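What follows is a structure written as structure tokens; I'll ask about it next.
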Amino acid sequence: MNGTGKAFGLKAGEPLADARARVPHLLVEEAAPELEAALLGFIADWCDRYTPLVALDGSDGLLLDVTGCAHLFGGEKALLADVLERLEKQGFCVSGAVAGTPGAAWAVARFGTREVIEPGNEFAALAPLPLAGLRIARETVQALEHVGLTTIADIAGRPRAPLASRYGPELVKLLDQALGQQGDPISPRFATPVVMAERRFFDPIGLVEDIKAVTLSLGRQICEALGRRVEGGRAFELALFRVDGAVQKIVVGTSKPLRDAKRILALFAEKLKADESVLDAGFGYDLVRLAVLEAQADAPDQLSLVGRGRSEAEADLAGLIDRLGARLGIERVGRLLPVDRHLPESQFAVVPAATVREEALSWVGLSGPDLGLGFSEHASAECDRAEPDGAWQELPVDRPLRLIEPAEPVEAVAMVPEGPPLRFRWRRVLYKVVRSEGPERIAPPWWIGASDAPPEHRDGVTRDYFRIEDEDGRRFWLYREGLYQRETGAPRWYLQGVFA
């Protein structure tokens, strides 16, 4: 209900027929809770220009924690006037108040006048207001009015124990919170940024070059702040506030802690290249904010004196992951992570590259010393001890780099049931084997490899792998599934990979 309806004496909650009988020319719109909630969210985003601590208050209100922010707008009165004036120009019917407690601000905004309540004056401001200003249930309000208690002053001076006993402890709690005698924290929609820098403009800007220049300048500010904290950013948000109230936010993530303003700008530039529709300046932006949403400890690295070292190479890879993540989404860029499983096709998992530690990326038999299957805490130290003159020798690759998943069945003929194949047919082509090596036996874990396990349970069946070569030099990786006469009477053959 707007101010005009209140001027005619209408009240929220009364029957529509009674309202139309009193005001025949009354205009009524069907309620749309989903759209109203979305609109309230947009307004909350717009209010981020005053403070990052914005909380939703029911379906029609917002709570802003402006502690430490009011001086940026000339004081609390000037801040309140600016908020209400801007929202009214956007076509909203609004009311607001500033107080030392959320409860007092809530009551004065809805039942009082637009004013700033100084700390300690909560009782004087709340005393003449109706009991509904305490945010209590309508049934409790009606019960209090039934005994003649109609204003907050009527119950503020009464003993708390009888009130709680008769009307419930919630009444006493909300009363004490409104008067500042009990804590009343708010729950912001989003967590407070770790570090934040912003710039306001008297004349709005809209050119991409201007936005990049401002982003670079703000990036230097937050990098200095991160340096003092010995941290690097892992998630950055660029918020652009348009003069018409719209707010556009761009978020980028990194694979490693980042504290370089130029690289931060490059990530946002990649994001804009991927989707130019993200920026729509309209009539221009009057506020630009750069915030660090997540940070991580990042001690300075010792630079190498003999050319490019390990840290420089890792920085190049991290930069590639960040650029791809900015364009495609940081969660869509994956790396293979070793998994401690017995089956070859289960020994890796694709995980977001930004969440993988370098020392976790080692498979046994594929890179240098036996680092074990899965991740090893001493992997990085082993790599650092590698000799620069080529003493680091890769072990022979005894498995294909890429597997066929799922493995494809083949028709194979062997001289003996547990021997290598002499020839096999795959995809309607017959291959004659001239060389073979194996078997490499992979037995199931004891908890699923019982002797009475059903043959169709593939995880519980032994596999014998062979590396074979045909007469044309093509090399394949086949395995026979099931031990003859112990697990199955007719072993089956599968092709799981082809060597390059």
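Would you tally the residues in the range 396-435 being in a loop (DSSP other than H, G, I, E, B) and over 22 Å from LEU483 (Cα atoms)? Can you show your working first?
Of all residues in the range 396-435, those in a loop (DSSP other than H, G, I, E, B) come to 396-402, 415-420, 427-428.
Restricting the remaining residues to those that are over 22 Å from LEU483 (Cα atoms) gives 396-398, 400-402, 427-428.
Adding up the residues that qualify gives 8.
Per-residue answers, yes or no, for (1) assigned by TED's automatic domain parsing to the domain that holds LEU53; (2) under 18 Å from GLY58 (Cβ atoms); (3) in a loop (DSSP other than H, G, I, E, B); (4) of a type outside the set (Gly, Ala, Ser):
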site: GLU118; (1), (2), (3), (4): yes, no, yes, yes
site: ALA132; (1), (2), (3), (4): yes, yes, no, no
site: ALA143; (1), (2), (3), (4): yes, no, no, no
site: ARG158; (1), (2), (3), (4): yes, no, yes, yes
site: ARG166; (1), (2), (3), (4): yes, no, no, yes
site: LEU174; (1), (2), (3), (4): yes, yes, no, yes
site: ILE186; (1), (2), (3), (4): no, yes, yes, yes
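Sticking with this structure for a sec: Given the criterion in contact (Cβ under 8 Å) with a residue 24 or more places away in the chain and of a type in the set (Lys, Arg), identify the matching residue among ARG135, ARG166.
ARG135
How many residues are of a type in the set (S, T, N, Q) and either crowded, with 21+ Cβ neighbours inside 10 Å or more than 23 Å from the chain's Cα centre (by Cα) (or both) when one looks only at the range 46-73?
To start, the set of residues in the range 46-73 that are of a type in the set (S, T, N, Q) comprises 51, 59, 67.
Narrowing the set further to residues that are either crowded, with 21+ Cβ neighbours inside 10 Å or more than 23 Å from the chain's Cα centre (by Cα) (or both) leaves 59, 67.
Qualifying residue count, the range 46-73: 2.
I would also like to ask the following. Considering only residues that are polar (S, T, N, Q) and either under 19 Å from GLU345 (Cα atoms) or surrounded by 11 or more Cβ atoms within 10 Å (Cβ to Cβ) (or both), look in the range 423-479 and name the one that is modelled with the highest pLDDT.
Just the residues of the range 423-479 that are polar (S, T, N, Q), to begin with: 436, 451, 462.
Checking which are either under 19 Å from GLU345 (Cα atoms) or surrounded by 11 or more Cβ atoms within 10 Å (Cβ to Cβ) (or both) leaves us with 436, 462.
Numbers: SER436: 92, THR462: 87.
Once the filter is applied, the top-ranked residue is SER436.
Additional query: Determine which single condition THR192 fails, assuming it passes every other condition in (1) outside any helix (DSSP H, G or I); (2) β-branched (Val, Ile, Thr); (3) surrounded by 15 or more Cβ atoms within 10 Å (Cβ to Cβ).
Only one criterion is unmet by THR192, namely (3).
Of all residues in the range 114-129, which are within 18 Å of ALA70 (Cα to Cα) and acidic (Asp, Glu)? Quick ask: steps written out before the conclusion?
Going residue by residue through the range 114-129, those that are within 18 Å of ALA70 (Cα to Cα) are 114-119.
Answer for the range 114-129, where residues must be within 18 Å of ALA70 (Cα to Cα) and acidic (Asp, Glu): GLU115, GLU118.
Test LYS77 against the stated conditions and say whether it is in contact (Cβ under 8 Å) with a residue 12 or more places away in the chain, part of a helix (DSSP H, G or I) and on the phi < 0 side of the Ramachandran plot.
Details: in contact (Cβ under 8 Å) with a residue 12 or more places away in the chain: yes; part of a helix (DSSP H, G or I): yes; on the phi < 0 side of the Ramachandran plot: yes.
Yes.
Taking only pairs six or more apart or across chains, which ones have beta-carbon atoms under 8 Å, a first residue in the range 329-351 that is more than 30 Å from LYS273 (Cα to Cα), and a second residue that is among the polar types (S, T, N, Q) and exposed (fewer than 15 other Cβ atoms within 10 Å of the Cβ)?
From residues that are more than 30 Å from LYS273 (Cα to Cα), the pairs are VAL339/SER346.
The values are calculated or read from the model by the stated rules, or taken from the named source; none is laboratory data. These numbers were taken from a predicted model, which means no experiment stands behind them. Ideal geometry is used to build each Cβ from the backbone, glycine not excepted, and the neighbour counts take in all protein chains shown.
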